[in-house]
Amino acid sequence: MESQPTNSEIAVSGVDPRELYGPRNEFLEQIRELHPQLKIVARGSMLKTIGPQAEVSRFERRMLQLIQYYSKYGHISQEVVAQCFSGAAAVEEAPTDRDTILFGNSGTPIRARTVNQRRMVESFAQNDLLFAVGPAGSGKTYTAIALAVRALREKEVRRVILTRPAVEAGEKLGFLPGDMKEKLDPYLQPLYDALNDMIPAAKLQKYIEEGTVQIAPLAYMRGRTLDNAFVILDEAQNTTLPQIKMFLTRMGRNAKFIVTGDVTQIDLPHRSDSGLTRAMDILGGMEGVATVEFDKRDIVRHPLVKHIVDAFERHDAQVRQALRSKDENNKIKTIEP
């Protein structure tokens, strides 16, 4: 004799249901697919379920675990949902106290929040040069700066140096008002933003004035030897091979280098001029050098960013396919009598 269906309600309290259910309810639809025996209805901050009692109880435990994860870490992904509803006792990818890199302003913990962010922290502990590559929003630069600030606090290095190639991304620097520093500071602003999360404003200003923290375009690195320093090259996809070679050969005694970049956002006149992937190939397998490749699963910005990356990847694939088809048609026309 079959048991009667059980009705249950879960109050989604203390979290935004729109974030919990995902853009266009994608996380909610994923949960429904993982519990096909249940009818799951979302009404504002209430989740109603109807189905076999054992399945309802299992769903409640998993859903509460997902709510607790979101309340603690402030983000959800399809991978987190899959783990919460896989029957595991705990979410394997949930950040723990071990993942805390440092405490930022107001005591806010700054953690490695994804698998590859953790991999980046672990790889960096064992290597002096690390390449971190992947899409926008995956936390490459932020994690690198957090590691740098921690090293400075713990007196592992005497200074932190952050640099970017001054490549114009669609705008002409020459048309901007002010002297060269005033022209370049807005371009370097993302680095300042990350530092402002981790170092109080007055202390950061003091560090900058005394040279403990330096933020400068890549051209300013030429001719220097960087001893006792934690050095980050950001937006490295916009370096040429000679530029990235120049940067890497600045490494002095007790120096740690991180190179970050996104090879899908090259602003050089010719994409083939980018030295990032070529440098990674040249140095791959060398002792003391590691590479961590991020992907769209690591994106921790607004949920839409992941969909934007997907859409552009599909567009790029269509363009490449169209170019291949055009080349094939041209070859056929060439060999026709």
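The values are calculated or read from the model by the stated rules, or taken from the named source; none is laboratory data. Bear in mind the structure is a predicted one, so any value in this text is a computation, not a measurement. With ideal geometry, Cβ positions are generated from the backbone for all residues, glycine too; neighbour counts draw on all protein chains shown. Calculation scope for accessible area: heavy atoms of the full protein, side chains included, ligands and nucleic acids excluded. Shrake-Rupley method; radii C 1.70, N 1.55, O 1.52, S 1.80 Å.
How would you classify the range 1-44 from its alpha-carbon gyration tensor, with a ≥ b ≥ c the square roots of the eigenvalues: rounded for a/c under 1.5, else prolate if a/b is greater than b/c, otherwise oblate? The shape class here is oblate. Can you grab the distance from the C-alpha centre of the range 187-256 to the C-alpha centre of the range 258-288, Å, no decimals? First find each Cα centre; the distance between them is then 18 Å. Among residues other than I266 with Cβ under 10 Å from its Cβ, the summed charge is -3 (Lys and Arg +1, Asp and Glu -1).
Each Lys or Arg adds one and each Asp or Glu takes one away; over the other residues whose Cβ falls under 11 Å from the Cβ of R250, this sums to +2. The label-point distance for Q53 and Q30, in a model that sets each label 7 Å from Cα toward Cβ, rounds to 3.2 nm. The relative contact order of the range 1-65 comes to 41 percent, based on Cα pairs under 8 Å that sit 6 or more residues apart.
Ordered from largest to smallest accessible area (heavy atoms of protein chains, 1.4 Å probe), the residues K155, K203 come out as K155, K203.
All other residues whose Cβ lies under 14 angstrom from that of S8 are scored, Lys and Arg at +1 and Asp and Glu at -1, for a net of +3.
For the residue pairs K155/K206; K206/K296; K155/K203; K140/K203; K39/K296, alpha carbon separations beyond 26 Å are given by K206/K296; K39/K296. Largest accessible area first, the listed residues H270, H315, H307 line up as H270, H315, H307 when surface is computed with a 1.4 Å probe on the assembled protein chains.
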